[in-house]
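Input: a single structure, listed below in structure tokens.
The values are calculated or read from the model by the stated rules, or taken from the named source; none is laboratory data. Predicted model, so just to flag it, every value in this text is computed and none were measured. Cβ placement follows ideal geometry from the backbone for every residue including glycine, while neighbour counts extend to all protein chains displayed.
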Amino acid sequence: MSRWLLVFLLLAGPAYAVSDPAELLPDRHAELRAEAIGHQLRCLVCQNESIEESEADLARDLRRIIRQRVQAGDTDQQVIDWMVARYGDFVRLRPPFNALTLVLWGSPIIALGVGLTAVVLSRRRRPTPAAPLSPAEQARLSELIDR
């Protein structure tokens, strides 16, 4: 009995947010394509999940659109291009490297550069300790204090 349970659990696929069986495409190959596309696109509500993993209403709508476009015969790239045209590169979980996303991809390097510059500038601006008083200056100070 436990062997069958183990086999069943090992064969069970990962749980996705597609909770309504009516959402699934009847053609298994088309459904797998739609899921693969959905894993490349960001949920615009959750932002840290793909639309396949999200339970947000907008993600459900986007999954439905993807499946409609796959059934209509669009290629994977055409579906992704349609989503990008509508929502911008932000909808991609891995935005492309181009002039518009340069700051996004370069922000770790920019942050490191700003931090290093701040450290260098703070070290340069440290006040130098005052030179000790000469014997003449010490005598004059004592004379002023004793008055």
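Restricting to the stretch 79-130, name every residue that is outside any helix (DSSP H, G or I) and touching a residue at least 12 places away in the same chain (Cβ under 8 Å).
First, pick out the residues of the stretch 79-130 that are outside any helix (DSSP H, G or I): 88, 92-101, 125-130.
Once the filter is applied, which keeps residues that are outside any helix (DSSP H, G or I) and touching a residue at least 12 places away in the same chain (Cβ under 8 Å), the stretch 79-130 yields Arg92, Leu93, Arg94, Thr101.
Conditions (1) modelled with pLDDT under 90; (2) under 30 Å from Pro26 (Cβ atoms); (3) in the same structural domain as His39 (by TED's automatic domain parsing), marked per residue:
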{"residue": "Ile65", "(1), (2), (3)": "no, yes, yes"}
{"residue": "Gln77", "(1), (2), (3)": "no, yes, yes"}
{"residue": "Arg86", "(1), (2), (3)": "no, yes, yes"}
{"residue": "Thr101", "(1), (2), (3)": "yes, no, no"}
{"residue": "Leu104", "(1), (2), (3)": "yes, no, no"}
{"residue": "Gly113", "(1), (2), (3)": "no, no, no"}
{"residue": "Leu116", "(1), (2), (3)": "no, no, no"}
{"residue": "Ala131", "(1), (2), (3)": "yes, no, no"}
{"residue": "Leu141", "(1), (2), (3)": "yes, no, no"}
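Scan the stretch 80-93 and give yes if some residue there is within 22 Å of Leu41 (Cβ to Cβ), acidic (Asp, Glu) and more than 16 Å from the chain's Cα centre (by Cα), otherwise no.
Taking the stretch 80-93 as the starting set, the residues that turn out to be within 22 Å of Leu41 (Cβ to Cβ) are 80-93.
Okay, now just the ones that are also acidic (Asp, Glu), so 81, 89.
Next, only the ones that are more than 16 Å from the chain's Cα centre (by Cα) stay: 81.
Checking the stretch 80-93: at least one residue is within 22 Å of Leu41 (Cβ to Cβ), acidic (Asp, Glu) and more than 16 Å from the chain's Cα centre (by Cα).
Exactly one condition in (1) in contact with a helix residue (DSSP H, G or I) (Cβ under 9 Å, 6 or more places away or on another chain); (2) assigned to a helix (DSSP H, G or I); (3) within 30 Å of Pro26 (Cα to Cα) is not met by Glu53; state its number.
(2)
From the list Asp81, Asp89, Asp76, which one is surrounded by 10 or more Cβ atoms within 10 Å (Cβ to Cβ), charged (D, E, K, R) and in contact with a helix residue (DSSP H, G or I) (Cβ under 6 Å, 6 or more places away or on another chain)? Steps first, answer last, please.
Numbers: Asp81 fails: in contact with a helix residue (DSSP H, G or I) (Cβ under 6 Å, 6 or more places away or on another chain); Asp89 fails: in contact with a helix residue (DSSP H, G or I) (Cβ under 6 Å, 6 or more places away or on another chain).
Within the list Asp81, Asp89, Asp76, the selection yields Asp76.
Go through the stretch 16-44 and give me each residue that's modelled with pLDDT of 90 or more and in a loop (DSSP other than H, G, I, E, B).
His39, Gln40, Cys43
State yes or no: is Ala99 loosely packed, with under 11 Cβ neighbours inside 10 Å, more than 15 Å from the chain's Cα centre (by Cα) and of a type in the set (A, V, I, L, M)? Steps first, please.
Values: loosely packed, with under 11 Cβ neighbours inside 10 Å: yes; more than 15 Å from the chain's Cα centre (by Cα): yes; of a type in the set (A, V, I, L, M): yes.
When the stated conditions are applied, Ala99 passes them.
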